[in-house]
Amino acid sequence: MTSHLLSWIVFSPLITAFVVLLVPKSQTPIIKWIALGGTLATGLFALVALKMFVPSHTGFQLTEQALWIP
C-alpha cells in the first residue's frame with residue numbers, strides 16, 4: 001500500500017464517485033454511506049502519508065516511480 005500511497009490518495013475519490021454513479025438515485029441513504037466511506041478512506045490514506053513524512057529530510061518524499069513510455 002505504501003508504494004502507491006499517493007495514487008490511492010488521488011484516485012480513491014474518483015473510485016468513490018464512480019461507485020456512487022452506479023447506485024440508483026432513489027437510494028439516497030446508501031449514496032451518503034458510500035460517500036462517507038470514500039471520504040474516510042481518503043482521509044486515512046492522507047493520515048498515513050502524513051505519518052510517513054519526515055520534515056527533517058530534504059528532497060522529495062513518498063515518490064512513485066512509473067515507466068511512462070515502455
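For this structure, a couple of remarks:
- Degrees separating the helix 5-22 axis from the principal Cα axis of the chain, which is the longest one: 10 degrees
- Accessible area per residue was computed with a 1.4 Å probe on protein heavy atoms; Ser56 scores about 100 Å².
- Table column - 3J(HN,Hα) (Hz), segment 57-70, Karplus curve with 6.51, -1.76, 1.60, x for Gly and Pro: 7, 8, x, 6, 10, 6, 7, 10, 10, 9, 8, 7, 10, x
- Two-site label geometry, Ala66 and Leu40: point separation in nm, points 7 Å out along Cα→Cβ: 2.8 nm
- Cα-based shape type of segment 1-52, given that a ≥ b ≥ c are square roots of the gyration tensor eigenvalues and the cut on a/c is 1.5: prolate
- Gaussian network model of the chain, springs between alpha carbon atoms under 10 Å - residue of Phe60, Phe11, Phe45 with greatest fluctuation: Phe60
- Extending 7 Å from Cα along the Cβ direction at His4 and again at Ile31 yields two label points whose distance is 2.9 nm.
- In Å², nearest 10: area of Leu67 left accessible to a 1.4 Å probe: 140 Å²
- Between 0 and 90°, nearest 10: helix 28-52 axis offset from the chain longest Cα axis: 10 degrees
The values are calculated or read from the model by the stated rules, or taken from the named source; none is laboratory data. From a predicted model like this one, the values you see are computed outputs, not experimental measurements. Counting neighbours? That spans all protein chains shown, and the Cβs are built from the backbone with ideal geometry, glycine included. Please note that ligands, DNA and RNA were not included when accessible areas were found on the heavy atoms of the full protein model with its side chains. Shrake-Rupley method; radii C 1.70, N 1.55, O 1.52, S 1.80 Å.
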